Amino acid sequence: MSDQPQRAFTTEFKVLIVQRIEGGERLSAVADELGIRRKLLYEWRAAYRALGAAGLNRKRGPKPGGSKRFSGSPRGRPSAAAPPSSGVASSSAQPRGEAVEADALALAQARIAELERVIGRQQADLHFFREALRLWDATSQNGGAPISTKSSRK
């Protein structure tokens, strides 16, 4: 075990950190910056995705229901039922209509961030394959046509 004392983090702090991660910041960079174990940030993110801010306020120890895993959406993608990631204020502090609009906006922003990450990966793949094709065409004889082998000559 570690000799360092165990730190306690407020729910508001956890929500802000999870929002940074959900917004596209690298989890490892946030963990290094704050001096928090990455495993803990993964747990916070999973709890937030499953139960919202209330999931970050849960007590330690075995969880009711016997399941160790959270029922979040697969592969970390936000689902339609994902909890809101807008501000820290509870819904009692905002009128119900504004809270619903803020929830919809937060879901839309999370979806946009996810799609931008997908597009970035696709652009990197396209660049890689274009470069590979260019190099293949430059080094292959006959413009990429199959090269004759001994067995096919007569």
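Any read-out appearing in this document is the output of simple, stated calculations on the displayed coordinates, not a laboratory observation. Since the structure is predicted, the reported quantities are computational estimates derived from the model, not experimental observations. Counting neighbours? That spans all protein chains shown, and the Cβs are built from the backbone with ideal geometry, glycine included.
Of note:
- Protection-proxy order for peptides 105-111, 28-34, 42-48, 120-126, each taking the mean of Cβ atoms within 10 Å per residue, highest first: 42-48, 105-111, 28-34, 120-126
- Across the stretch 7-59, Cα pairs under 8 Å and at least six residues apart give a relative contact order of 39 percent.
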